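A.B. asks: Got a structure here, written out as structure tokens. Questions coming.
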Amino acid sequence: PPRSTLFPYTTLFRSFSLLGGVRYEHNESFGGKTIPRATLTYLAWRGNDLFSGTRFRAAYSQGIVEPSFGESYGSGGNYPVLPNPELKPEQARTLEAGFIQGFDHDRYSLFGGYFNSLFRDQIEFESFQDPTTQQFVSQYFNLNKSLAHGAEAILQGRIAKHVSFTADYTYTATQVLLLANCGANSCGATPFGAGAPLLRQPRHLGNLSLNYSRARWGANLSGVAEGRRPDSDFLFGEIPPVNYAAGYARFDASGYYAIDRHVMAYVNLQNLLNHYYNEVVGYPALGFNFRAGLRFRFGGE
């Protein structure tokens with residue numbers, strides 16, 4: 001099993017603040033890895049009643065995730081997943097830079113930034129026809145190198161004492177930089193060839209959330225808009241092939257009421273407009289649906 005150790009560090013110097021840490025991950029199958037992370041913030045202007053402070057922020061981080069048992073050793077069934085004992089852990093390096101601008105005594109804040117993530121040995125899923133048995137099978141494999149970069153903006157604030165909102169937009173461009181080392185049975189040039197975009201990563205993504213919160217009850221209305229994105233039905237040779245998933249928008253609502261300090265009632269309403277859409281090609285999402293129930297808290301004061 002993996003073991004990890006974290007060494008955090010924080011320091012302040014005039015208008016600068018630095019938060020850093022190093023984590024060491026050890027896995028009996030894949031060995032050890034040192035993972036550094038750091039965030040530097042600079043207060044450029046303390047501001048006034050209208051513009052309440054301007055901060056610049058930069059961050060650097062690394063990450064690693066080992067493959068799951070099923071990804072490494074496969075599974076059976078009518079559509080078997082072949083084992084790939086040579087599968088490597090996913091590794092990522094991320095750079096971020098941006099600003100945070102407060103307004104009206106920090107009642108509102110605007111964040112804008114750029115991010116650049118480089119992935120190595122990213123684990124992907126491929127389907128193909130076994131040349132010996134002519135049966136369609138699948139396998140997980142590593143992409144040698146891929147990139148995702150773009151920009152994001154987040155606006156949040158408090159409209160009234162009990163009402164707050166958050167709105168964000170993200171633009172992301174992705175690309176496979178280096179084609180995987182393909183064996184005889186897997187990973188053809190489509191859709192994982194060099195220069196191809198990463199699957200299921202939209203260029204345009206937006207979210208909006210409106211919250212009402214009081215001591216005993218509250219409600220939320222949220223919406224998400226996701227643009228057209230690369231995807232595949234993995235049925236190569238079909239006419240016409242499916243290479244993209246259409247964009248969609250969805251609205252959800254939720255609410256809660258604290259009956260007492262131990263019992264809370266809640267309700268979640270999803271896909272309020274009952275739109276038909278696919279988050280993943282071939283798997284239609286639910287239409288309008290809801291969940292309701294009670295949450296119980298035991299112990300405490």
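The values are calculated or read from the model by the stated rules, or taken from the named source; none is laboratory data. Nothing here was measured: the structure is a model prediction, and the numbers come from that model. Don't worry about glycine lacking a Cβ; one is built from the backbone with ideal geometry, like all the others, and counts go over all protein chains shown. Surface accessibility is based on the protein's heavy atoms, side chains included, excluding ligands, DNA and RNA. Shrake-Rupley method; radii C 1.70, N 1.55, O 1.52, S 1.80 Å.
A.B. asks: Among the residues of segment 197-232 satisfying the criterion of being modelled with pLDDT under 95 and of a type in the set (A, V, I, L, M, F, W, C), which is most open to solvent (accessible area, probe 1.4 Å)?
C.D. replies: The qualifying residue most open to solvent (accessible area, probe 1.4 Å) is 215.
A.B. asks: Additional query: Scan segment 134-147 for residues that are surrounded by fewer than 19 Cβ atoms within 10 Å (Cβ to Cβ) and in contact with a strand residue (DSSP E or B) (Cβ under 6 Å, 6 or more places away or on another chain) and jot them down. Break it down into steps so the answer makes sense when it comes.
C.D. replies: To start, the set of residues in segment 134-147 that are surrounded by fewer than 19 Cβ atoms within 10 Å (Cβ to Cβ) comprises 134-138, 144-145, 147.
136, 137, 138, 144, 145, 147, listed by residue number.
A.B. asks: Filter segment 67-81 for residues that are of a type outside the set (Gly, Ala, Ser) and surrounded by fewer than 18 Cβ atoms within 10 Å (Cβ to Cβ); which is nearest to residue 39 (Cα to Cα)? First the steps, then the outcome.
C.D. replies: Our first condition is that a residue be of a type outside the set (Gly, Ala, Ser); within segment 67-81, this holds for 67, 69, 71, 73, 78-81.
Within this subset, residues satisfying the condition of being surrounded by fewer than 18 Cβ atoms within 10 Å (Cβ to Cβ) are 69, 73, 78-80.
On the way: 69: 34, 73: 38, 78: 48, 79: 45, 80: 44 Å.
If we take residues in segment 67-81 being of a type outside the set (Gly, Ala, Ser) and surrounded by fewer than 18 Cβ atoms within 10 Å (Cβ to Cβ), then 69 is nearest to residue 39 (Cα to Cα).
A.B. asks: Only residues in segment 276-294 that are without any contact (Cβ under 8 Å) to a residue 60 or more places away in the chain and among the charged types (D, E, K, R) count as the first member; pair them with residues that are open to solvent by 30 Å² or more (accessible area, probe 1.4 Å) and assigned to a strand (DSSP E or B), Cβ under 7 angstrom, at least 6 apart or cross-chain, and list the lot.
C.D. replies: Note: pairs meeting the criteria are 291/268.
A.B. asks: Going by the conditions given, is residue 123 touching a residue at least 24 places away in the same chain (Cβ under 8 Å) and either under 18 Å from residue 59 (Cα atoms) or open to solvent by 60 Å² or more (accessible area, probe 1.4 Å) (or both)? Quick ask: steps written out before the conclusion?
C.D. replies: Numbers: touching a residue at least 24 places away in the same chain (Cβ under 8 Å): yes; either under 18 Å from residue 59 (Cα atoms) or open to solvent by 60 Å² or more (accessible area, probe 1.4 Å) (or both): no.
Criteria not met by residue 123.
A.B. asks: Spot the failing condition for residue 29; the list is (1) modelled with pLDDT of 85 or more; (2) open to solvent by 60 Å² or more (accessible area, probe 1.4 Å), and only one is missed.
C.D. replies: (1)
A.B. asks: Here is a check on your reading of the model: is residue 138 among the small types (Gly, Ala, Ser) and farther than 30 Å from residue 17 by Cα? So that I can check it myself, show each step before the final result.
C.D. replies: On the way: among the small types (Gly, Ala, Ser): yes; farther than 30 Å from residue 17 by Cα: yes.
Yes.
A.B. asks: Still on this structure, please answer the following. For residues that are in a loop (DSSP other than H, G, I, E, B) and either farther than 13 Å from residue 223 by Cα or of a type in the set (Phe, Trp, Tyr) (or both), tally how many sit in segment 249-273.
C.D. replies: Here the count works out to 4.
Yes/no matrix, rows are residues, columns are (1) open to solvent by 90 Å² or more (accessible area, probe 1.4 Å); (2) farther than 24 Å from residue 212 by Cβ; (3) at pLDDT below 95:
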{"residue": "248", "(1), (2), (3)": "no, yes, no"}
{"residue": "255", "(1), (2), (3)": "no, no, no"}
{"residue": "267", "(1), (2), (3)": "no, no, no"}
{"residue": "280", "(1), (2), (3)": "no, yes, yes"}
{"residue": "284", "(1), (2), (3)": "no, yes, yes"}
{"residue": "288", "(1), (2), (3)": "yes, no, no"}
{"residue": "292", "(1), (2), (3)": "no, no, no"}
{"residue": "298", "(1), (2), (3)": "yes, yes, yes"}
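The rows are residues; the columns are (1) assigned to a strand (DSSP E or B); (2) open to solvent by 30 Å² or more (accessible area, probe 1.4 Å); (3) closer than 30 Å to residue 220 by Cβ; (4) of a type outside the set (Gly, Ala, Ser).
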{"site": "111", "(1), (2), (3), (4)": "yes, yes, yes, yes"}
{"site": "127", "(1), (2), (3), (4)": "yes, no, no, no"}
{"site": "132", "(1), (2), (3), (4)": "no, yes, no, yes"}
{"site": "150", "(1), (2), (3), (4)": "yes, no, yes, no"}
{"site": "153", "(1), (2), (3), (4)": "yes, yes, yes, no"}
{"site": "157", "(1), (2), (3), (4)": "yes, no, yes, no"}
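A.B. asks: Hey, another quick one. Can you name the residue in segment 78-129 that is within 30 Å of residue 234 (Cα to Cα) and among the small types (Gly, Ala, Ser) and, of all such residues, is farthest from the chain's Cα centre (by Cα)?
C.D. replies: Looking at residues that are within 30 Å of residue 234 (Cα to Cα) and among the small types (Gly, Ala, Ser), I get 127.
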